[in-house]
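To start, the structure under review is shown below, and the notes come after it.
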Amino acid sequence: MRMLNFAKRNFKELTRDPLSLVFEIILPIFLLFIFQQIKVPGEEYKLVNFTPSIILFGFSFITLFTSTLIAKDRGTSLLIRLGTSPMKSSDYILGYILSLVPIVIIQNVLFFIAALILGLDFSISILYTILISIVVSVFFIALGILIGSLVSEKASGGVGSVVVQLVCFTSGMYFSKDLVGKTFSKVCELLPFESCLNIIKGFSNNNLSIISTRNIIVFSIYTIITLIVSIVVFKNKMVSDNK
(Lines give C-alpha, C1' and ligand atoms only; values in the text may rest on other atoms or scores of the structure.)
Protein backbone atom coordinates (compact mmCIF):
# COMPACT_ATOMS: atom_id res chain seq x y z
CA MET A 1 0.00 0.00 0.00
CA ARG A 2 2.82 2.42 0.86
CA MET A 3 4.47 1.62 -2.47
CA LEU A 4 1.23 2.38 -4.37
CA ASN A 5 0.80 5.65 -2.49
CA PHE A 6 4.37 6.53 -3.36
CA ALA A 7 3.66 5.74 -7.03
CA LYS A 8 0.59 8.02 -6.94
CA ARG A 9 2.70 10.80 -5.44
CA ASN A 10 5.31 10.40 -8.19
CA PHE A 11 2.66 10.48 -10.92
CA LYS A 12 1.20 13.68 -9.50
CA GLU A 13 4.69 15.17 -9.34
CA LEU A 14 5.32 14.32 -12.99
CA THR A 15 2.01 15.80 -14.14
CA ARG A 16 2.74 19.07 -12.32
CA ASP A 17 5.06 19.92 -15.19
CA PRO A 18 2.73 19.56 -18.20
CA LEU A 19 5.14 21.41 -20.48
CA SER A 20 7.72 18.65 -20.11
CA LEU A 21 5.11 15.97 -20.80
CA VAL A 22 3.88 17.83 -23.88
CA PHE A 23 7.48 18.20 -25.10
CA GLU A 24 8.11 14.51 -24.45
CA ILE A 25 5.17 13.54 -26.68
CA ILE A 26 4.97 16.35 -29.24
CA LEU A 27 8.64 16.33 -30.30
CA PRO A 28 8.67 12.64 -31.34
CA ILE A 29 5.32 13.06 -33.14
CA PHE A 30 6.72 16.15 -34.88
CA LEU A 31 9.75 14.15 -36.06
CA LEU A 32 7.48 11.35 -37.27
CA PHE A 33 5.38 13.84 -39.23
CA ILE A 34 8.36 15.74 -40.70
CA PHE A 35 10.28 12.68 -41.89
CA GLN A 36 7.15 11.25 -43.52
CA GLN A 37 6.37 14.52 -45.28
CA ILE A 38 9.83 15.06 -46.75
CA LYS A 39 9.99 11.37 -47.71
CA VAL A 40 13.59 10.67 -46.73
CA PRO A 41 14.91 7.68 -48.71
CA GLY A 42 15.92 4.54 -46.85
CA GLU A 43 14.24 1.61 -45.14
CA GLU A 44 14.72 3.21 -41.73
CA TYR A 45 12.38 6.08 -42.63
CA LYS A 46 9.46 4.01 -43.89
CA LEU A 47 6.46 4.49 -41.62
CA VAL A 48 6.41 0.85 -40.46
CA ASN A 49 10.06 1.13 -39.36
CA PHE A 50 10.22 4.74 -38.19
CA THR A 51 7.21 4.43 -35.86
CA PRO A 52 9.04 1.92 -33.59
CA SER A 53 12.05 4.24 -33.73
CA ILE A 54 9.91 7.12 -32.51
CA ILE A 55 8.68 4.95 -29.62
CA LEU A 56 12.28 4.27 -28.62
CA PHE A 57 13.16 7.94 -29.04
CA GLY A 58 10.31 8.79 -26.67
CA PHE A 59 11.73 6.36 -24.11
CA SER A 60 15.00 8.30 -24.07
CA PHE A 61 13.01 11.29 -22.79
CA ILE A 62 11.48 9.01 -20.15
CA THR A 63 15.05 8.43 -18.93
CA LEU A 64 15.72 12.17 -18.97
CA PHE A 65 12.62 13.11 -16.96
CA THR A 66 13.00 10.17 -14.55
CA SER A 67 16.56 11.21 -13.72
CA THR A 68 15.40 14.78 -13.14
CA LEU A 69 12.61 13.60 -10.81
CA ILE A 70 14.97 11.43 -8.75
CA ALA A 71 17.61 14.14 -8.52
CA LYS A 72 14.95 16.68 -7.55
CA ASP A 73 13.63 14.38 -4.80
CA ARG A 74 17.17 14.04 -3.47
CA GLY A 75 17.69 17.79 -3.61
CA THR A 76 14.52 18.51 -1.64
CA SER A 77 15.47 15.92 1.02
CA LEU A 78 12.27 13.96 0.31
CA LEU A 79 14.20 10.70 0.18
CA ILE A 80 15.87 11.49 3.48
CA ARG A 81 12.45 11.78 5.13
CA LEU A 82 11.23 8.66 3.38
CA GLY A 83 14.31 6.82 4.65
CA THR A 84 12.66 6.57 8.05
CA SER A 85 9.72 4.60 6.59
CA PRO A 86 9.65 0.77 6.53
CA MET A 87 9.73 0.70 2.71
CA LYS A 88 12.61 -1.10 1.03
CA SER A 89 14.73 0.38 -1.76
CA SER A 90 13.09 -2.01 -4.22
CA ASP A 91 9.69 -0.63 -3.17
CA TYR A 92 10.84 2.89 -4.03
CA ILE A 93 12.16 1.77 -7.41
CA LEU A 94 8.92 -0.06 -8.16
CA GLY A 95 6.98 3.01 -7.07
CA TYR A 96 8.87 5.15 -9.58
CA ILE A 97 8.39 2.57 -12.34
CA LEU A 98 4.64 2.21 -11.73
CA SER A 99 4.17 5.99 -11.78
CA LEU A 100 5.69 6.17 -15.26
CA VAL A 101 3.84 3.23 -16.85
CA PRO A 102 0.64 5.28 -17.50
CA ILE A 103 2.75 7.94 -19.21
CA VAL A 104 4.45 5.28 -21.33
CA ILE A 105 1.06 3.86 -22.39
CA ILE A 106 -0.39 7.29 -23.22
CA GLN A 107 2.78 8.18 -25.12
CA ASN A 108 2.67 5.03 -27.25
CA VAL A 109 -1.06 5.27 -27.95
CA LEU A 110 -0.63 8.84 -29.21
CA PHE A 111 2.37 7.81 -31.34
CA PHE A 112 0.33 5.07 -33.02
CA ILE A 113 -2.65 7.37 -33.52
CA ALA A 114 -0.32 9.80 -35.31
CA ALA A 115 1.15 6.94 -37.37
CA LEU A 116 -2.32 5.70 -38.34
CA ILE A 117 -3.26 9.20 -39.48
CA LEU A 118 -0.10 9.25 -41.60
CA GLY A 119 -1.05 5.96 -43.25
CA LEU A 120 0.06 3.09 -41.03
CA ASP A 121 -2.20 0.05 -41.43
CA PHE A 122 -4.12 -0.88 -38.30
CA SER A 123 -3.50 -4.37 -36.93
CA ILE A 124 -3.52 -6.27 -33.65
CA SER A 125 0.27 -5.99 -33.66
CA ILE A 126 -0.15 -2.39 -32.45
CA LEU A 127 -1.61 -3.67 -29.19
CA TYR A 128 1.19 -6.22 -28.82
CA THR A 129 3.75 -3.48 -29.48
CA ILE A 130 2.31 -1.26 -26.76
CA LEU A 131 2.47 -4.15 -24.30
CA ILE A 132 6.05 -5.13 -25.14
CA SER A 133 7.03 -1.46 -25.08
CA ILE A 134 6.05 -1.32 -21.41
CA VAL A 135 8.62 -4.07 -20.78
CA VAL A 136 11.27 -2.22 -22.79
CA SER A 137 10.51 1.02 -20.96
CA VAL A 138 11.52 -0.59 -17.64
CA PHE A 139 15.16 -0.42 -18.75
CA PHE A 140 14.90 3.29 -19.59
CA ILE A 141 13.12 4.09 -16.33
CA ALA A 142 15.71 2.15 -14.31
CA LEU A 143 18.47 3.97 -16.20
CA GLY A 144 16.86 7.29 -15.30
CA ILE A 145 16.66 6.26 -11.64
CA LEU A 146 20.34 5.31 -11.69
CA ILE A 147 21.38 8.62 -13.28
CA GLY A 148 19.21 10.63 -10.88
CA SER A 149 20.72 8.77 -7.93
CA LEU A 150 24.27 9.57 -9.02
CA VAL A 151 24.12 13.20 -10.15
CA SER A 152 22.50 16.48 -9.13
CA GLU A 153 19.31 17.91 -10.61
CA LYS A 154 21.30 20.31 -12.81
CA ALA A 155 23.60 17.58 -14.09
CA SER A 156 20.79 15.09 -14.69
CA GLY A 157 19.59 17.03 -17.72
CA GLY A 158 23.00 16.89 -19.38
CA VAL A 159 23.55 13.19 -18.68
CA GLY A 160 19.99 12.42 -19.82
CA SER A 161 20.67 14.27 -23.06
CA VAL A 162 23.63 11.96 -23.68
CA VAL A 163 21.22 9.01 -23.49
CA VAL A 164 18.97 10.73 -26.05
CA GLN A 165 21.91 11.08 -28.45
CA LEU A 166 23.02 7.48 -27.89
CA VAL A 167 19.52 6.27 -28.76
CA CYS A 168 19.52 8.37 -31.93
CA PHE A 169 22.92 7.27 -33.23
CA THR A 170 23.43 3.71 -31.98
CA SER A 171 19.96 2.16 -32.25
CA GLY A 172 19.67 2.25 -36.04
CA MET A 173 16.91 4.82 -35.78
CA TYR A 174 18.37 7.12 -38.46
CA PHE A 175 20.80 4.88 -40.32
CA SER A 176 22.03 1.32 -40.45
CA LYS A 177 25.03 0.66 -38.22
CA ASP A 178 26.73 -1.16 -41.09
CA LEU A 179 27.13 2.13 -42.97
CA VAL A 180 29.61 3.49 -40.41
CA GLY A 181 32.02 0.58 -40.16
CA LYS A 182 32.69 -2.62 -38.26
CA THR A 183 33.93 -0.96 -35.07
CA PHE A 184 30.87 1.26 -34.74
CA SER A 185 28.64 -1.68 -35.65
CA LYS A 186 30.19 -3.73 -32.85
CA VAL A 187 29.64 -0.90 -30.35
CA CYS A 188 25.97 -0.73 -31.37
CA GLU A 189 25.63 -4.46 -30.82
CA LEU A 190 27.16 -4.21 -27.35
CA LEU A 191 24.93 -1.31 -26.31
CA PRO A 192 21.24 -2.04 -25.54
CA PHE A 193 19.54 0.48 -27.79
CA GLU A 194 19.69 -1.44 -31.07
CA SER A 195 18.32 -4.53 -29.31
CA CYS A 196 15.49 -2.45 -27.80
CA LEU A 197 14.57 -1.10 -31.24
CA ASN A 198 14.63 -4.54 -32.86
CA ILE A 199 12.36 -5.95 -30.15
CA ILE A 200 9.82 -3.16 -30.62
CA LYS A 201 10.11 -3.32 -34.40
CA GLY A 202 9.66 -7.10 -34.43
CA PHE A 203 6.29 -6.83 -32.68
CA SER A 204 5.22 -3.70 -34.57
CA ASN A 205 5.94 -5.25 -37.98
CA ASN A 206 4.48 -8.60 -36.89
CA ASN A 207 7.82 -10.13 -37.85
CA LEU A 208 9.46 -11.69 -34.81
CA SER A 209 12.34 -12.96 -36.95
CA ILE A 210 13.74 -9.42 -36.69
CA ILE A 211 14.42 -10.13 -33.01
CA SER A 212 17.61 -12.15 -32.66
CA THR A 213 18.70 -14.21 -29.69
CA ARG A 214 21.47 -11.64 -29.16
CA ASN A 215 18.86 -8.86 -28.95
CA ILE A 216 16.98 -10.71 -26.20
CA ILE A 217 20.16 -11.54 -24.26
CA VAL A 218 21.60 -8.01 -24.51
CA PHE A 219 18.32 -6.36 -23.52
CA SER A 220 17.76 -8.77 -20.62
CA ILE A 221 21.30 -8.38 -19.25
CA TYR A 222 21.21 -4.58 -19.42
CA THR A 223 17.73 -4.40 -17.86
CA ILE A 224 18.50 -6.76 -14.99
CA ILE A 225 21.89 -5.19 -14.21
CA THR A 226 20.53 -1.64 -14.45
CA LEU A 227 17.64 -2.51 -12.13
CA ILE A 228 19.93 -4.14 -9.56
CA VAL A 229 22.52 -1.36 -9.70
CA SER A 230 19.84 1.34 -9.48
CA ILE A 231 18.40 -0.28 -6.34
CA VAL A 232 21.85 -0.57 -4.71
CA VAL A 233 22.94 2.96 -5.63
CA PHE A 234 19.56 4.41 -4.65
CA LYS A 235 19.81 2.71 -1.24
CA ASN A 236 23.38 3.88 -0.69
CA LYS A 237 22.47 7.45 -1.66
CA MET A 238 19.56 7.46 0.79
CA VAL A 239 21.96 6.37 3.54
CA SER A 240 24.74 8.82 2.60
CA ASP A 241 22.32 11.75 2.13
CA ASN A 242 20.87 10.97 5.54
CA LYS A 243 24.22 11.50 7.27
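The values are calculated or read from the model by the stated rules, or taken from the named source; none is laboratory data. Every value quoted in this text rests on a predicted model; they were computed, and no experiment measured them. Ideal geometry is used to build each Cβ from the backbone, glycine not excepted, and the neighbour counts take in all protein chains shown.
Numerical summary
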quantity: First in the stretch 81-105 and closer than 20 Å to Ile225 by Cα, second anywhere and modelled with pLDDT under 70 and among the aliphatic types (A, V, I, L, M), Cβ under 9 Å, 6 or more apart; calculated: Tyr92/Leu79; Tyr92/Leu82; Gly95/Met87
quantity: Every residue from the stretch 192-209 that is out of contact with any Leu (no Cβ under 7 Å at 6 or more places or on another chain) and closer than 16 Å to Val136 by Cα; calculated: Pro192, Glu194, Ser195, Asn198, Ile199, Lys201, Phe203, Ser204, Leu208
quantity: Per-region count, the stretch 192-225, residues touching a helix residue (DSSP H, G or I) at 6+ places or on another chain (Cβ under 6 Å) and surrounded by fewer than 16 Cβ atoms within 10 Å (Cβ to Cβ); calculated: 2
quantity: Some residue of the stretch 138-155 being more than 19 Å from Tyr92 (Cβ to Cβ), in a helix (DSSP H, G or I) and not small (Gly, Ala, Ser); calculated: yes
quantity: Residue count for the stretch 1-14, restricted to those that are in contact with a helix residue (DSSP H, G or I) (Cβ under 7 Å, 6 or more places away or on another chain) and either within 18 Å of Thr76 (Cα to Cα) or modelled with pLDDT of 75 or more (or both); calculated: 6
quantity: Filtered residues of the stretch 71-114 (kept if modelled with pLDDT of 85 or more and surrounded by fewer than 18 Cβ atoms within 10 Å (Cβ to Cβ)); calculated: Leu98, Val101, Pro102, Ile105, Ile106, Val109, Leu110, Ile113
quantity: Ser137 being touching a residue at least 60 places away in the same chain (Cβ under 8 Å), more than 19 Å from Glu13 (Cβ to Cβ), surrounded by 19 or more Cβ atoms within 10 Å (Cβ to Cβ) and within 11 Å of the chain's Cα centre (by Cα); calculated: no
